[in-house]
Amino acid sequence: MNRIEEIKKRKPFAVWDLLVYGILVAVILALFVGFVFVNRGGHAKGIQITLHGTPVYTYEYGKGGRAEKGYESYIEEQTENGIVLVKIYSDETRKEYNLLAIDPQKRSAVMRDANCSFRKDCTHMPAVTSDLGVIVCLPHGLKVLALGQEEDIYHPSV
């Protein structure tokens, strides 16, 4: 009975309890800030476009772009007001396409237009500006990756 009375008289939390809870809150906040607010990617050196997993076009900032051998007929490239517009056809009949706008000054690439679906989800994806950026068009099997980024099957980007 004496022990029960002693427990009833104690404060709900001891000093050490509060210290442990404070450390846990600090660790959780640090992880949250680290994952959400800290930019984990560096600047992209360029972009690479793959079609069904095969590289078809590469653009390096400061050097320009080139279609991969055998895919020259799938790519149309033109420059408009300093913006490089790359039209990628995903079929041999050249009916299915995506239009990628590359801004060499801002070192970014954004999907400007596509005829993949009614909603054109790939045109709403954020621009590829860091080495962690990616744009995906599932209906056409197209992926725009930052140059040098390797696909990791254990930690997929999408």
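Just from its helices, what would the mean residue ellipticity at 222 nm be for the chain, if runs of 4 or more DSSP H residues each count -39500 (n - 2.57) and the sum is divided by every residue, rounded to the nearest 500 deg cm²/dmol? It would help to have the intermediate numbers written out before the result.
On the way: 2 runs with 30 residues, N = 158.
That calculation yields -6000 deg cm²/dmol at 222 nm.
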Quiz item: Mind checking which aspartates and glutamates have their C-alpha under 15 Å from residue 95, skipping anything on the same chain fewer than 8 residues away?
Solution: 76, 113
Practice problem: Name the residue farthest towards the positive end of the dipole of the chain from the options 133, 81, 20, assuming +1 on Cβ of Lys and Arg, -1 on Cβ of Asp and Glu, about the Cα centre. | Solution: 20
Quiz item: Can you give the charge dipole size of region 1-60 about its Cα centre, rounded to the nearest 20 debye, using +1 on the beta carbon of Lys and Arg and -1 on the beta carbon of Asp and Glu?
Solution: 320 debye
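According to the square roots a ≥ b ≥ c of the eigenvalues of the Cα gyration tensor, what is the shape class of region 1-49, taking rounded for a/c under 1.5, prolate for a/b larger than b/c otherwise, and oblate for the remainder?
Values: a/c = 9.42, a/b = 5.99, b/c = 1.57.
In terms of gyration-tensor shape, prolate.
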Exercise. Give, rounded to the nearest 20 debye, the magnitude of the charge dipole that the chain has about its Cα centre when Lys and Arg contribute +1 at Cβ and Asp and Glu contribute -1 at Cβ.
Key: 800 debye
Exercise. Heavy atoms only, probe 1.4 angstrom, no DNA, RNA or ligands counted: give me 11, 143 ranked by accessible area, highest first.
Key: 11, 143
Quiz item: In the chain, what percent of the accessible surface is made up of carbon and sulfur (1.4 Å probe, ligands and nucleic acids excluded)?
Solution: 58 percent
Self-check item: Compactness of the chain, expressed as Rg and Dmax over alpha-carbon positions, Å
Solution: 25.3, 89
Quiz item: Against the longest alpha carbon principal axis of the chain, how many degrees, from 0 to 90 and to the nearest 10, is the axis of helix 15-36 turned?
Solution: 10 degrees
Quiz item: Using a ≥ b ≥ c from the Cα gyration tensor of region 85-136 (square roots of the eigenvalues), is it rounded, prolate or oblate, where a/c under 1.5 gives rounded and otherwise the larger of a/b and b/c decides, a/b for prolate?
Solution: prolate
Practice problem: Express the accessible area of the chain per residue in Å², computed with a 1.4 Å probe while the remaining protein chains stay in the model. | Solution: 70 Å²
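The values are calculated or read from the model by the stated rules, or taken from the named source; none is laboratory data. No experiment lies behind these values; they were computed from the predicted model shown. Cβ atoms come from the backbone with ideal geometry, glycine included; neighbour counts cover every protein chain shown. With ligands, DNA and RNA removed, areas are computed over all heavy atoms of the protein, side chains included. Shrake-Rupley method; radii C 1.70, N 1.55, O 1.52, S 1.80 Å.
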